[in-house]
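Everything on this sheet refers to the single structure shown next.
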Amino acid sequence: MPSILEQFRADHEDALENIDRSNRALQSLKQGRPLDTMRPALDALQDFVKSLLAVHIPLEEEHLFPFLAVFPEVSATISEVKKGNESIQSFSQQLGRELQQDRPDTGIILETGPQITGALETHIRLSDLELLPFARRMLTKDQLEELETRFRERTALPSAYPLPVIEL
């Protein structure tokens, strides 16, 4: 079983695959592919982001970040990740509202989709390059075990993991 920090990293790898698929779907839409043929990929993006917002991001914000918050070296990065998470949620809600319309506006989809994937990429970059390596160096064995316990409790919820994969 992977450690908690390895699990966060694995989630990020899965997210990068889904971001790539989403960006390809958005590019196809931009190039004129009909929206109805892209709807399954866009719905999958929404499901994927909902899963991140329900499980992965709260685990980081509620459990990992408090352990790291005592270190001033990463406070700006934590703030930037949290701000990005708010953007992910906001843009996802906007995309979701648009996809629920009888005649969704492709322009809004093409605007919000890349904003979601860009914010996710920033989240991953900051987490993988700064926060997770820092946590690996600075957190005690007891803190990591507590984080692992909280993670296992949270992911024991039905359908919490694995994260959904976007199919094109």
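Could you pull out every one of the lysines with an alpha carbon less than 26 Å from that of K30, ignoring same-chain neighbours closer than 8 positions?
K50
Can you work out the Karplus-derived ³J(HN,Hα) for every residue in region 90-107? Use 6.51 cos²θ - 1.76 cosθ + 1.60 with θ = phi - 60°, whole Hz, and x for glycine or proline.
4, 5, 5, 5, 5, 4, x, 4, 5, 5, 7, 5, 4, 10, x, 7, 4, x
What order do you get for V49, V70, V55, V81 when you list them from fewest to most C-beta neighbours inside 10 Å? Please report the intermediate quantities before stating the final value.
Working: V49 27, V70 9, V55 19, V81 24.
Result, fewest neighbours first: V70, V55, V81, V49.
Treat every Asp and Glu Cβ in region 4-154 as -1 and every Lys and Arg Cβ as +1, leave all other atoms uncharged, and give the resulting dipole magnitude about the Cα centre to the nearest 20 debye. List each step's numbers first, then the result.
Numbers: 18 positive and 27 negative charges, 67 e Å.
Around 320 debye, computed over region 4-154.
Along the charge dipole of the chain, Cβ charges K/R +1 and D/E -1, which of L52, G32, L16 sits furthest on the positive end?
G32
With labels modelled as points extended 7 Å from the Cα through the Cβ direction, what inter-label distance (nm, one decimal) is found for E61 paired with R137?
Roughly 2.7 nm, to one decimal.
Quote the relative contact order of the chain in percent (integer), defining contacts as alpha-carbon pairs under 8 Å separated by 6+ residues.
On the way: 135 pairs, mean separation 71.5, N = 168.
Computed value for the chain: 43 percent relative contact order.
Please compute the Kirkwood hydrodynamic radius of region 4-154 from all pairs of different C-alpha atoms, in Å with one decimal.
Numbers: mean 1/r = 0.0613 Å⁻¹.
Value: 16.3 Å, from the Cα pair sum.
Listing D102, D36, D128 from the residue with the fewest other Cβ atoms within 10 Å to the one with the most, what is the order?
Details: D102 4, D36 8, D128 15.
In increasing order of surrounding Cβ atoms, one gets D102, D36, D128.
How far is helix 141-155 tilted off the main Cα axis of the chain, in degrees rounded to 10, range 0 to 90?
So the helix axis and the longest Cα principal axis differ by about 30 degrees.
Fewest Cβ neighbours within 10 Å first, please rank E80, E86 accordingly. Let's see the in-between values first.
Numbers: E80 14, E86 11.
Ascending number of Cβ neighbours within 10 Å: E86, E80.
Any read-out appearing in this document is the output of simple, stated calculations on the displayed coordinates, not a laboratory observation. Remember, it's a predicted structure, so these values are computed and weren't measured experimentally. Using ideal geometry, Cβ is built from the backbone for each residue, glycine included, and neighbour counts are taken over all protein chains shown.
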